[in-house]
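Only one structure is covered here, and it is reproduced in the block below.
The values are calculated or read from the model by the stated rules, or taken from the named source; none is laboratory data. Given the structure is predicted, the values throughout are model-derived calculations rather than measurements. Using ideal geometry, Cβ is built from the backbone for each residue, glycine included, and neighbour counts are taken over all protein chains shown. Remember, those area values only see protein heavy atoms, side chains included, never the ligands or the DNA or RNA. Shrake-Rupley method; radii C 1.70, N 1.55, O 1.52, S 1.80 Å.
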Amino acid sequence: MAKNLYIQHYCRIKNNKVYLNGDLIFEENSEDIKSFLKSVYQFLDPKYSKFFKMDALSKLAFLSAEIILKDINTENKNIGIILSNNASSLDTDRKHQDSINDKENYYPSPAVFVYTLPNIGIGEISIRHQLKSENGFFVFEKYNANFHHNYENILIQNNKSEAVLGGWVNIDEDSYEAFLYLISENGTIEHTEQNLKQLYTN
Amino acid sequence: MEDLKLELKNNIIELLNLEDVNVDEIKDDDSLFGDGLGLDSIDALELIVMLDKDYGIRLSDPKEGKKIFESIEVMAAYISEHRTK
Amino acid sequence: MSKGVAITGMGIISSIGKTVEENFQSLVNKTPGISEIEGISTIHKDHIKVGEVKITNEELCSFLNLPSSNNYSRTALLAEIAAKEAIKNAGITDINSCKTGLISATSVGGMDLTEKFYYSQFEEEINRKFINSHSAGDSSTKVANSLGITGFVSTISTACSSAANSIMLGARMIKSGKLDRVIVGGADCLSKFTINGFKTLMILSETDCRPFDANRTGLNLGEAAAFLVLESDECVKKENKKVLGYVSGYANANDAFHQTASSEDGEGATLAMKKALKIAGVSSKEIDYINAHGTATENNDASESAAIRRVFGDNLPEVSSTKAYTGHTLAAAAAIEAVYSILALQNGVVFPNLNFETPIAETNIIPETEVLQKELNYVLSNSFGFGGNCSTLIFSKA
């Protein structure tokens, strides 16, 4: 019998504001992305110093997941992770490219190179919450509610995952946005393409 | 040597993004990897780049790093002996 | 029980051949494609060996009949060549005769052009056309447009397991009826970006790589592209297609250990292999050959060996890594190794693991070092990517 699935929690981070389930939970007019993400970290206080080694995209993914999974015990839970974006890891790619362009001052950083892939952020979430489930990262022009709804639905209906963390996490130059949500059998907002689209655009 | 040790502590904190660690919290003989500061394999590689960039010491085998980066004390001694910058 | 999703066509270009047949001949003649780098002038050129496709971009453009005004990155060029071979091999004349999609994979994207033209783009307008080629989705879009695909198109970017995830998603979309036919695979070209990046991680070997050898010193980077055509049973019947093999099992799991290193006990890899066996409905004893990820880095081979032992115990089938032939082709790896897995099944042959002498003491896995004639029914292929992304595919005989 088909399971009834819901958008149990959803989080939006953009324009210096953080929303959980539609409510504004934090805002700060920071001068740049790095400062803003640090402020959000301090607000959430996850006591996870490895955060500071991450690139901006991974930090954004990590914080969004932190907000969603805050009151959920993830130990031994099979929570799939399906994320997408438009710019891949471009923000970090540029930093790596800069470090190898200067012939006079040629010292590429391994810590930067490690993040020149968009799915490392999924790795960070997995390490933090010990999630060994199925995970994928897709590159689309914009958030594709149809694709996400399908994939998230199939994962749970076919018992590949008991819940799915899905969404869009993007950083390009100075702009950033995150739309992350937890799909499970608990909640009140039905998991439909229409609802995902609506929550994303609001 | 004391200046070098302080310099190393400051560099490590900045280079490895150890935001919540103060210079005075790192003792000279504290273990940097494993239980001590909890640095990992990528941090070790960053330190190898630092050895080259700041002190002109080039390591070819990442395993060499393990011995050299045991503690600030050991690092400082090694750098003093082998630095070319 | 369903055999799986039918594979009706394949296409590949790598350092050991421009076509499926050329690749096969190199594999059975034990002629690897590892050499010094020629196409890119890098300061590391005397310290690395690579699996380079010895064909210039101009020659690739010419082969594809592209106008000189094109803005194809090398990744897109390789992708299109492989995709076109796959379509031809599948005997497709009308690409939209049934609901068709394309799922590709890449990690480099158009970086090869960006690193060449980045600064000059400020000055020379002619080079700005390459700005659009940079993104990961560009090569997929170009190939889809070139083939006339109007259906679902997506790009997966999960490092070295990307193409396996493309194949997995494609198979699922066919099974769930979302698509009747899908072209799946991946492409990556060599670039200074990856050469410098991997060099700084200190996992590049200065010599020919030695997968699973106790004295291995790292990987050789490579470039390649490969695609499979997957079709639903209805499509196969309707158009009377020849089936080359089946995608019978697939799975993905996260190692949850480190951004780039694999866990000592290979947890992610173990989970992926076990889940793939479950999907395929076979036990580990029924696997006849493992085409391993086997990059020849100290970390991967140790971790993967541990995982293989956990899943197979002492009942090991033949194991080999073909990366000593092609180098590690990153996002394309799982796709080229899928082609090799199908070739293995079709021809009843296990391809050798070159450059092996001494087994890793802890796990004592001795890979197959000769071209071995053996009847094969199931081949398991591993691909593990940075970010702890572990994928396993199982292919079966037609």
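Taking A:Ile127 as the residue in question, decide whether it is open to solvent by less than 40 Å² (accessible area, probe 1.4 Å), touching a His at 6+ places or on another chain (Cβ under 8 Å), under 30 Å from A:Lys50 (Cβ atoms) and outside any strand (DSSP E or B).
Values: open to solvent by less than 40 Å² (accessible area, probe 1.4 Å): yes; touching a His at 6+ places or on another chain (Cβ under 8 Å): yes; under 30 Å from A:Lys50 (Cβ atoms): yes; outside any strand (DSSP E or B): yes.
Considered against the rule, which asks whether it is open to solvent by less than 40 Å² (accessible area, probe 1.4 Å), touching a His at 6+ places or on another chain (Cβ under 8 Å), under 30 Å from A:Lys50 (Cβ atoms) and outside any strand (DSSP E or B), A:Ile127 comes out as yes.
Among the candidates C:Ala214, C:Ala276, single out the residue that is within 12 Å of another protein chain (Cβ to nearest Cβ), hydrophobic (A, V, I, L, M, F, W, C) and in contact with a strand residue (DSSP E or B) (Cβ under 8 Å, 6 or more places away or on another chain). Break it down into steps so the answer makes sense when it comes.
Values: C:Ala214 fails: within 12 Å of another protein chain (Cβ to nearest Cβ).
Step by step, each of C:Ala214, C:Ala276 is checked, and only C:Ala276 is within 12 Å of another protein chain (Cβ to nearest Cβ), hydrophobic (A, V, I, L, M, F, W, C) and in contact with a strand residue (DSSP E or B) (Cβ under 8 Å, 6 or more places away or on another chain).
Conditions (1) closer than 22 Å to C:Ala164 by Cα; (2) at pLDDT below 95, marked per residue:
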| residue | (1), (2) |
| --- | --- |
| A:Gly166 | yes, no |
| A:Val169 | no, no |
| A:Asp172 | no, yes |
| A:Ala178 | no, no |
| A:Ser184 | no, no |
| A:Glu190 | no, no |
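Can A:Thr116 be described as surrounded by fewer than 24 Cβ atoms within 10 Å (Cβ to Cβ), among the polar types (S, T, N, Q), under 17 Å from the mean Cα position of the chain (by Cα) and outside any helix (DSSP H, G or I)?
Details: surrounded by fewer than 24 Cβ atoms within 10 Å (Cβ to Cβ): no; among the polar types (S, T, N, Q): yes; under 17 Å from the mean Cα position of the chain (by Cα): yes; outside any helix (DSSP H, G or I): yes.
Spelling it out, it is not the case that A:Thr116 is surrounded by fewer than 24 Cβ atoms within 10 Å (Cβ to Cβ), among the polar types (S, T, N, Q), under 17 Å from the mean Cα position of the chain (by Cα) and outside any helix (DSSP H, G or I).
For A:Lys47, work out the one condition from (1) open to solvent by 30 Å² or more (accessible area, probe 1.4 Å); (2) assigned to a helix (DSSP H, G or I); (3) within 12 Å of another protein chain (Cβ to nearest Cβ) it doesn't fulfil.
With respect to (1) open to solvent by 30 Å² or more (accessible area, probe 1.4 Å); (2) assigned to a helix (DSSP H, G or I); (3) within 12 Å of another protein chain (Cβ to nearest Cβ), A:Lys47 is out only on (2).
Could you look through the range C:238-257, keep only residues that are open to solvent by 20 Å² or more (accessible area, probe 1.4 Å) and either part of a strand (DSSP E or B) or at the interface with chain A (Cβ under 7 Å from one of its Cβ atoms) (or both), and pick out the one that is farthest from C:Ala334 (Cα to Cα)?
C:Phe257
Return the pairs, sorted by first residue and then second, in which the second residue is part of a loop (DSSP other than H, G, I, E, B) and among the polar types (S, T, N, Q), the first residue lies in the range C:384-398 and is touching a residue at least 12 places away in the same chain (Cβ under 8 Å) and at positive phi, the beta carbons are less than 8 Å apart, and the residues are 6+ apart or on different chains.
Between residues of the range C:384-398 that are touching a residue at least 12 places away in the same chain (Cβ under 8 Å) and at positive phi and residues that are part of a loop (DSSP other than H, G, I, E, B) and among the polar types (S, T, N, Q), the close pairs are C:Gly387/A:Asn119; C:Gly387/C:Thr158; C:Gly387/C:Gln259; C:Gly387/C:Thr260; C:Gly388/C:Gln259; C:Gly388/C:Ser262.
Is one or more of the residues making up the range C:303-320 at pLDDT 95 or above, closer than 18 Å to C:Asn23 by Cα and in contact with a Pro (Cβ under 6 Å, 6 or more places away or on another chain)?
Yes, there is a match, as at least one residue in the range C:303-320 is at pLDDT 95 or above, closer than 18 Å to C:Asn23 by Cα and in contact with a Pro (Cβ under 6 Å, 6 or more places away or on another chain).
Name the single residue that is least open to solvent (accessible area, probe 1.4 Å) among those in the range C:170-202 being farther than 17 Å from C:Glu36 by Cβ, out of contact with any helix residue (DSSP H, G or I) (no Cβ under 8 Å at 6 or more places or on another chain) and within 11 Å of chain A (Cβ to nearest Cβ).
Step by step, filter the range C:170-202, then rank; the result is C:Met173.
Can you report the number of residues in the range A:67-98 which are touching a Phe, Trp or Tyr at 6+ places or on another chain (Cβ under 8 Å) and either more than 13 Å from chain C (Cβ to nearest Cβ) or surrounded by fewer than 16 Cβ atoms within 10 Å (Cβ to Cβ) (or both)?
The qualifying residues number 1.
For the range B:54-66, what are the residues that are among the charged types (D, E, K, R) and farther than 19 Å from B:Met1 by Cα? Walk me through it before giving the result.
Of the residues in the range B:54-66, the ones among the charged types (D, E, K, R) are B:54, B:58, B:61, B:63-64, B:66.
Across the range B:54-66, the qualifying residues are B:Arg58, B:Asp61, B:Lys63, B:Glu64, B:Lys66.
Step by step: first the residues of the range C:284-315, then only those that are surrounded by fewer than 24 Cβ atoms within 10 Å (Cβ to Cβ) and touching a helix residue (DSSP H, G or I) at 6+ places or on another chain (Cβ under 7 Å), then the one that is farthest from C:Asp213 (Cα to Cα). Which residue is that? Don't jump to the end; show me each part of the working.
The first filter runs over the range C:284-315 and keeps only residues surrounded by fewer than 24 Cβ atoms within 10 Å (Cβ to Cβ), leaving C:284-286, C:288, C:298-299, C:302, C:305-306, C:309-315.
Keeping just the survivors that are touching a helix residue (DSSP H, G or I) at 6+ places or on another chain (Cβ under 7 Å) gives C:284, C:310-312, C:315.
Working: C:Ser284: 24, C:Arg310: 19, C:Val311: 20, C:Phe312: 20, C:Asn315: 20 Å.
Filtering first and then ranking leaves C:Ser284.
Quick one: in the range B:49-66, of everything that is within 11 Å of the chain's Cα centre (by Cα) and open to solvent by 20 Å² or more (accessible area, probe 1.4 Å), which residue is nearest to the other protein chains (Cβ to nearest Cβ)?
Pass one, the range B:49-66, residues within 11 Å of the chain's Cα centre (by Cα): B:49-51, B:65-66.
Those still in the list that are open to solvent by 20 Å² or more (accessible area, probe 1.4 Å) too: B:49, B:66.
Working: B:Val49: 5, B:Lys66: 12 Å.
Looking at the filtered set, the residue picked out is B:Val49.
Cβ contacts < 7 Å: first residue at positive phi and touching a residue at least 12 places away in the same chain (Cβ under 8 Å), restricted to the range C:247-261; second residue open to solvent by 10 Å² or more (accessible area, probe 1.4 Å) and of a type in the set (A, V, I, L, M, F, W, C), any location; separation 6+ or different chain. Result?
Correct list of pairs: C:Ala256/A:Ile127.
Within the range C:100-132, can you find the residues that are more than 14 Å from chain A (Cβ to nearest Cβ) and open to solvent by 60 Å² or more (accessible area, probe 1.4 Å)?
C:Glu123, C:Glu124, C:Glu125, C:Ile126, C:Arg128, C:Lys129
With the requirement that a residue be of a type outside the set (A, V, I, L, M, F, W, C), more than 18 Å from C:Cys209 (Cα to Cα) and open to solvent by 50 Å² or more (accessible area, probe 1.4 Å), what does the range C:354-382 give you?
C:Glu362, C:Asn364, C:Gln373, C:Lys374, C:Glu375, C:Asn377, C:Tyr378
Among the residues of the range C:258-271, which ones are in a helix (DSSP H, G or I) and either facing chain A (nearest Cβ under 9 Å) or under 17 Å from C:Asn315 (Cβ atoms) (or both)?
Initially, the range C:258-271 is screened for residues in a helix (DSSP H, G or I), giving C:267-271.
The answer is C:Glu267, C:Gly268, C:Thr270, C:Leu271.
Considering (1) at pLDDT 90 or above; (2) open to solvent by less than 90 Å² (accessible area, probe 1.4 Å); (3) within 14 Å of chain A (Cβ to nearest Cβ), say which one B:Gly38 fails and leave the rest.
All conditions pass for B:Gly38, except number (1).
For the range B:27-39, enumerate the residues that are under 12 Å from the mean Cα position of the chain (by Cα) and under 22 Å from C:Gly387 (Cα atoms).
Matches in the range B:27-39: B:Phe33, B:Leu39.
For a quick check of your reading of the model, give me the residue pairs whose first member lies in the range B:10-32 and is more than 14 Å from chain A (Cβ to nearest Cβ), whose second is open to solvent by 40 Å² or more (accessible area, probe 1.4 Å) and of a type in the set (Asp, Glu), with beta-carbon atoms closer than 6 Å and at least 6 apart or on different chains.
B:Asp28/B:Glu73; B:Asp29/B:Glu73
Looking at the range C:242-251, is at least one residue modelled with pLDDT of 95 or more and closer than 23 Å to A:Glu75 by Cβ?
Step one: filter the range C:242-251 for residues modelled with pLDDT of 95 or more, giving C:242-251.
Filter once more, keeping what is closer than 23 Å to A:Glu75 by Cβ: C:251.
Yes, the range C:242-251 has at least one match.
Would you be able to tell me the number of residues in the range B:1-14 that are crowded, with 16+ Cβ neighbours inside 10 Å and under 22 Å from A:Pro46 (Cα atoms)?
Looking only at that region, the number is 1.
Among (1) more than 27 Å from C:Ser166 (Cα to Cα); (2) open to solvent by 70 Å² or more (accessible area, probe 1.4 Å); (3) of a type outside the set (Lys, Arg), there is one condition C:Gly39 misses while meeting the rest; what is its number?
Single failed check for C:Gly39: (2).
Among the residues of the range A:124-149, write down those that are touching a strand residue (DSSP E or B) at 6+ places or on another chain (Cβ under 7 Å), farther than 14 Å from C:Ser162 by Cα, within 7 Å of chain C (Cβ to nearest Cβ) and not hydrophobic (A, V, I, L, M, F, W, C).
Within the range A:124-149, A:Ser126, A:Lys132, A:Ser133 qualify.
Looking at (1) out of contact with any Leu (no Cβ under 6 Å at 6 or more places or on another chain); (2) under 24 Å from C:Thr207 (Cβ atoms); (3) within 14 Å of chain A (Cβ to nearest Cβ); (4) not basic (Lys, Arg), which is the one condition that is false for C:Ala334?
Of everything listed in (1) out of contact with any Leu (no Cβ under 6 Å at 6 or more places or on another chain); (2) under 24 Å from C:Thr207 (Cβ atoms); (3) within 14 Å of chain A (Cβ to nearest Cβ); (4) not basic (Lys, Arg), C:Ala334 misses just condition (2).
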